[in-house]
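A quick write-up on the structure given underneath.
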């Protein structure tokens, strides 16, 4: 560890292994490809042409993020397909286990599930070099899903209050499944585990990070009108 | 018809009813939404991660076209959803009748089918006001599908020559189905029929137009290594 922390970003960056950065970019890039896929599939379930076009537009925005992440992986001298490879099985398993059976479940998943993942990546981003950090934060920028989901879910619950219980249960399942897959990934990728623990300082730092993520999750549930 | 044709574009534009322009933009916009949908679904069939990302990127580009077409419909004072509405049934019916059962059929459809439709729209575009004309031509610009399809299809036929016959038959079915749906649309939308016949001058002009479109179709089949 360098002992002259004039620039906390560069200082942190020095502590992150190049392998961990590629892992992170690979996980994010594959996540974008899957987000595209899912939003495109959800677009087909949309009850109106306007809803369909809105979701398709969001899917297209995810591909813009994907291109930038893949570009950065190449810039850093790695192969994007190899960087994504380790994350295909866990990410696909997560989505296989959490297939929305109705339109509203898809919206909750897009908002609550992606919000949870984005918070986690944002925490890690603070440890990266400025260029990669900016890229990661940009790729996590909301493509319009949040407002759209909040509006549609609140309207649906207002029309049929029984939905609130069903959707709250669904959100809990999403988070449980996400944590179980994240555990699998970190168990296999030492570089990512080191990044998270090293970046947080120690285990109490890791716990504080999870507390922040959990609080933000609760805020999203409240915004949807659901109990977390 | 104005008799001072200093500017052939404006002259033609004057002959086109505003209703026909909205019809055309509505048909194109709905076509983009469906193209997005289809490319996104094909991306899921892709045998490699690179192929999947390539098709998802093309799908995203279609949404860029969609946004511009819908923007123009609004500029001209019409409602995009209402403009698209008459084309939902025939366009969906076409795709329902021509669902690719393998990855290569999807590629042939993206190249041959979309190329055929694009040529038709390009012929009509020559009759529009300059702003709408440019927009239509831009929205028909190839998003990378052509090269991608030619490369993949030729490689597949080289590896298994029996495929050539199957894919040639498939392409013939695509064109037959497209013509049958186009006939349905023009039978219902007088403004479009008038646009085509009025723009071509007379029936021999319409025949010349179809000859040009058919020749370009043959060129595409040859590029794929298929007999038309």
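The values are calculated or read from the model by the stated rules, or taken from the named source; none is laboratory data. Bear in mind that the values here come from a model prediction, so they are computed numbers and not experimental data. Note that each Cβ is placed from the backbone with ideal geometry, even for glycine, and that neighbours are counted across all protein chains shown.
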Selection within region A:64-81 - assigned to a helix (DSSP H, G or I) and either at the interface with chain B (Cβ under 9 Å from one of its Cβ atoms) or touching a residue at least 40 places away in the same chain (Cβ under 8 Å) (or both): A:64, A:65, A:66, A:67, A:68, A:69, A:70, A:72, A:73, A:80, A:81
Consider residue B:142 against the criteria (1) under 30 Å from residue A:84 (Cα atoms); (2) touching a helix residue (DSSP H, G or I) at 6+ places or on another chain (Cβ under 9 Å); (3) in a helix (DSSP H, G or I); (4) without any contact (Cβ under 8 Å) to a residue 40 or more places away in the chain: it satisfies all of them except one. Which criterion is unmet? (3)
Boolean, residue A:87 is under 27 Å from residue A:209 (Cβ atoms) and more than 14 Å from every other protein chain (Cβ to nearest Cβ): no
From the residues in region A:1-45 that are assigned to a loop (DSSP other than H, G, I, E, B) and either within 10 Å of chain B (Cβ to nearest Cβ) or under 22 Å from the mean Cα position of the chain (by Cα) (or both), which one is modelled with the highest pLDDT? A:17
From the options B:54, B:61, B:117, residue that is assigned to a helix (DSSP H, G or I), closer than 30 Å to residue B:160 by Cα, within 11 Å of chain A (Cβ to nearest Cβ) and touching a residue at least 60 places away in the same chain (Cβ under 8 Å): B:54
